[in-house]
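The values are calculated or read from the model by the stated rules, or taken from the named source; none is laboratory data. As the structure is a prediction and not an experimental result, all values here were calculated from the model. When we count neighbours, we look across all protein chains shown, and the Cβ atoms used for this are built from the backbone with ideal geometry, even at glycine. With ligands, DNA and RNA removed, areas are computed over all heavy atoms of the protein, side chains included. Shrake-Rupley method; radii C 1.70, N 1.55, O 1.52, S 1.80 Å.
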Amino acid sequence: MNKRGYPNSPCYRLGHLTVTEHLKHQIYWEEYGSRDGEPVMFLHGGPGAGSHKSFARFFDPDRYRVILFDQRGCGKSTPSAGDDDTTAALTDN
């Protein structure tokens, strides 16, 4: 159980979504909870923090399909603004 009283839910699906207009940008995403649940998308704060699996704890995993993602240039999305040269991450962002 986590702090909210909901059981910890494992990630059951993850991947990268290519930004159609800017093929160098890949948005990282993860899904938790019920595959058939009501979808809820959690937006992380910034700047540059990215999402964390602990954010899924705010939602009942039996009721919701929780979708976490990292905005462009953050977390596991690529290219990363955390690189020494941020040009690729900031171009077309």
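Go through the range 43-53 and give me each residue that's open to solvent by less than 40 Å² (accessible area, probe 1.4 Å) and either in contact with a helix residue (DSSP H, G or I) (Cβ under 9 Å, 6 or more places away or on another chain) or more than 21 Å from H22 (Cα to Cα) (or both). Break it down into steps so the answer makes sense when it comes.
Taking the range 43-53 and keeping what is open to solvent by less than 40 Å² (accessible area, probe 1.4 Å), we get 44, 50-51.
If the condition is that a residue be open to solvent by less than 40 Å² (accessible area, probe 1.4 Å) and either in contact with a helix residue (DSSP H, G or I) (Cβ under 9 Å, 6 or more places away or on another chain) or more than 21 Å from H22 (Cα to Cα) (or both), then H44, S51 are the ones that fit.
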_I'd like the residue in the range 56-72 that is open to solvent by less than 50 Å² (accessible area, probe 1.4 Å) and without any contact (Cβ under 8 Å) to a residue 40 or more places away in the chain and, out of all such residues, is nearest to the chain's Cα centre (by Cα)._
L68
*Name every residue in the range 28-55 that is touching a residue at least 24 places away in the same chain (Cβ under 8 Å) and in contact with a His (Cβ under 8 Å, 6 or more places away or on another chain), in order of residue number.*
Y28, W29, H44, G50, S51
*Take the residues of the range 1-14 that are open to solvent by less than 50 Å² (accessible area, probe 1.4 Å) and of a type in the set (S, T, N, Q): which is modelled with the lowest pLDDT?*
N2
*Within the range 43-55, count every residue that is more than 16 Å from P10 (Cβ to Cβ) and at pLDDT 85 or above.*
3
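Of the residues in the range 15-38, how many are surrounded by 12 or more Cβ atoms within 10 Å (Cβ to Cβ) and more than 12 Å from G75 (Cβ to Cβ)?
Initial filter on the range 15-38 (surrounded by 12 or more Cβ atoms within 10 Å (Cβ to Cβ)): 16-17, 19, 22, 24-34, 37-38.
With more than 12 Å from G75 (Cβ to Cβ) added as a condition, the list becomes 17, 19, 22, 24-25, 31-34, 37-38.
Residues in the range 15-38 being surrounded by 12 or more Cβ atoms within 10 Å (Cβ to Cβ) and more than 12 Å from G75 (Cβ to Cβ): 11 in total.
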